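One structure is given here, and the rest of the page talks about it.
The values are calculated or read from the model by the stated rules, or taken from the named source; none is laboratory data. Predicted model only: the values in this text are computed from it and were never measured. Positions of Cβ are backbone-derived with ideal geometry, glycine not excepted, and every protein chain shown enters the neighbour counts.
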Amino acid sequence: MNRGACQLKIIQILNTHHWSAAANYCITITRELIKRGHDVLLLTEPGKALEKAKEAGIRFDDSIRLNHRNPLLFVDAIKRMKRIFRSFKPDIISPHMNEAAWLPGMIARKAWPDAVIARIRTEYDPPKKHFINRYVHHAWIDHLVVGSQLHKRLCEEILDYQPEKISVVYGGVDAGLYNPGLRQTSNFRNEIGATANEVLIGLLARLDPVKGHEFALEALSRISSLPAPFRLVIIGYEAERTYAWLKEQATALGVQNRIYCAGYRNDLPEVLGALDIGLISSVGSEANSRAALEFMACGKPVISTSVGVIPEIIQNQEQGLIVPPCDTEQMGRAMEKLVANPVLRINMGKAARKKVLDNFSLDKFGAVMESVYAKLLRTSQN
């Protein structure tokens, strides 16, 4: 089964119906591997992730329910997975999500032992520190792929993994879809009544406590006056929090006139292209920070807290400004600095775009993952 640089047979498993950075990572890498000539099958569940897979023309099977608490459905999922593994004969099997990520490896050991189990871990939460989790990873998972050096270190420490059993593959972004030219063609500024000199700061994140929206609002409240008008544009879907809650917080801080709630958008490249600055206020998360990469691809400087992968993709004072999480004073000063200095914004934005083109393009993303998979297969055959 030695394919060398030829076609690999790969199964990607995404057991979620939600759309998230982890789901985006899975769908994007699946699409890129297909572009590179590999035979890839996606096992997933009905929902937003499946819709995205269909849009991308990805071959899928949505009959397996790994997250369901009904034991009959769970047993059925095991039977279906066995049949799929034996008929597809994969070289690589990559489960993506935390829940039941160990199960495909356990099944493959019996149903198709030739497959290499490469668990892709791009969730923001660190692995759980208990012996069962360590046992599962060592018994049924051959290799870990993570989205940052930070997560690599955490997995080495918590799961007692050897460094050579973990690969770092940073996420990628479509730099053609997200590009600086959108500033001239987007209608978003007209839609929200932004003046020509108004500086728009964009916060792209689901409404969830880990994303730290309240700290962004408090940072806004610390800004007294600036030479140019500015607003914070909040983009993302409601999760544990709502836009009603957000507006209440803004009103309590007296910044209700400094925000615009854009909600969930299907025209995200055009919206980001119309902005001037990207903002990430997370108190955790950002395992691969799709938002940061999309801002950067659009040529926007990014103000971000120093969480997750951020310090690995944004160099402070080069592509943006890095501040400690929850530090609203420093976040406010960073906003003031970039709002007041258009030349600095432009230069940092150009540097951000270059960083994406050099390191985080889709082609780079696909090539690195392909290399990891090919190396794993060669090693397994020796």
**Report entry** Subset of segment 34-62 (residues that are outside any strand (DSSP E or B) and under 17 Å from ILE92 (Cβ atoms))
**Finding:** ILE34, LYS35, ARG36, GLY37, HIS38, ILE58, ARG59
Query raised in the report: without any contact (Cβ under 8 Å) to a residue 60 or more places away in the chain, farther than 22 Å from ILE117 by Cβ and among the charged types (D, E, K, R): does that describe ARG69?
Result: yes
Query raised in the report: Take the residues of segment 296-328 that are among the charged types (D, E, K, R) and surrounded by fewer than 21 Cβ atoms within 10 Å (Cβ to Cβ): which is nearest to ARG353 (Cα to Cα)?
Result: GLU318
Requested in this report: Output the residues belonging to segment 108-141 that are under 23 Å from the mean Cα position of the chain (by Cα), closer than 20 Å to ARG378 by Cα and among the charged types (D, E, K, R).
Outcome: ARG119
Report task. Among the residues of segment 104-135, count how many are touching a Phe, Trp or Tyr at 6+ places or on another chain (Cβ under 9 Å), surrounded by 19 or more Cβ atoms within 10 Å (Cβ to Cβ) and not aromatic (Phe, Trp, Tyr). Result -> 11
Query raised in the report: Could we say that ALA367 is outside the structural domain of ALA219 (by TED's automatic domain parsing) and surrounded by fewer than 17 Cβ atoms within 10 Å (Cβ to Cβ) here?
Result: yes
Query raised in the report: Within segment 24-52, which residues are free of Cβ contacts under 8 Å to residues at least 40 places away in the same chain and among the hydrophobic types (A, V, I, L, M, F, W, C)?
Result: ILE27, ILE34, VAL40, LEU42, ALA49, LEU50
Requested in this report: Give, as residue ranges, the helices (runs of 4 or more DSSP H) completely inside segment 162-264 that count at least 2 residues that are closer than 30 Å to GLN149 by Cβ.
Outcome: 213-221
Query raised in the report: Given the conditions (1) modelled with pLDDT of 95 or more; (2) touching a helix residue (DSSP H, G or I) at 6+ places or on another chain (Cβ under 8 Å), and given that GLU286 satisfies all but one, which numbered condition is not satisfied?
Result: (1)
**Report entry** Qualifying residue in segment 55-63 (condition: surrounded by 23 or more Cβ atoms within 10 Å (Cβ to Cβ) and at pLDDT below 95)
**Finding:** no
Query raised in the report: Here are ARG31, ARG65, ARG80: which of them is in the same structural domain as VAL146 (by TED's automatic domain parsing), assigned to a loop (DSSP other than H, G, I, E, B) and of a type in the set (D, E, K, R)?
Result: ARG65
Query - Selected residue (criterion: farthest from the chain's Cα centre (by Cα)) from residues of segment 142-164 that are surrounded by fewer than 16 Cβ atoms within 10 Å (Cβ to Cβ) and in contact (Cβ under 8 Å) with a residue 12 or more places away in the chain - result: ASP160
Query raised in the report: Does segment 106-129 contain at least one residue that is over 22 Å from ALA297 (Cα atoms) and without any contact (Cβ under 8 Å) to a residue 12 or more places away in the chain?
Result: yes
Query raised in the report: What pairs can you find where one residue is in segment 350-363 and closer than 18 Å to LEU272 by Cα, the other is among the charged types (D, E, K, R), and their Cβ atoms are less than 7 Å apart, with a gap of 6+ or different chains?
Result: ALA351/GLU318; ALA352/LYS300
Report task. Kindly check whether there is at least one residue in segment 81-90 that is among the basic types (Lys, Arg) and within 27 Å of ARG265 (Cα to Cα). Result -> no
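So which helices (runs of 4 or more DSSP H) are wholly in segment 314-382 and hold at least 2 residues that are over 29 Å from LEU144 (Cα atoms)?
328-340, 342-359
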Query raised in the report: Within segment 329-336, is there a residue that is closer than 21 Å to SER20 by Cα, crowded, with 17+ Cβ neighbours inside 10 Å and touching a residue at least 12 places away in the same chain (Cβ under 8 Å)?
Result: no
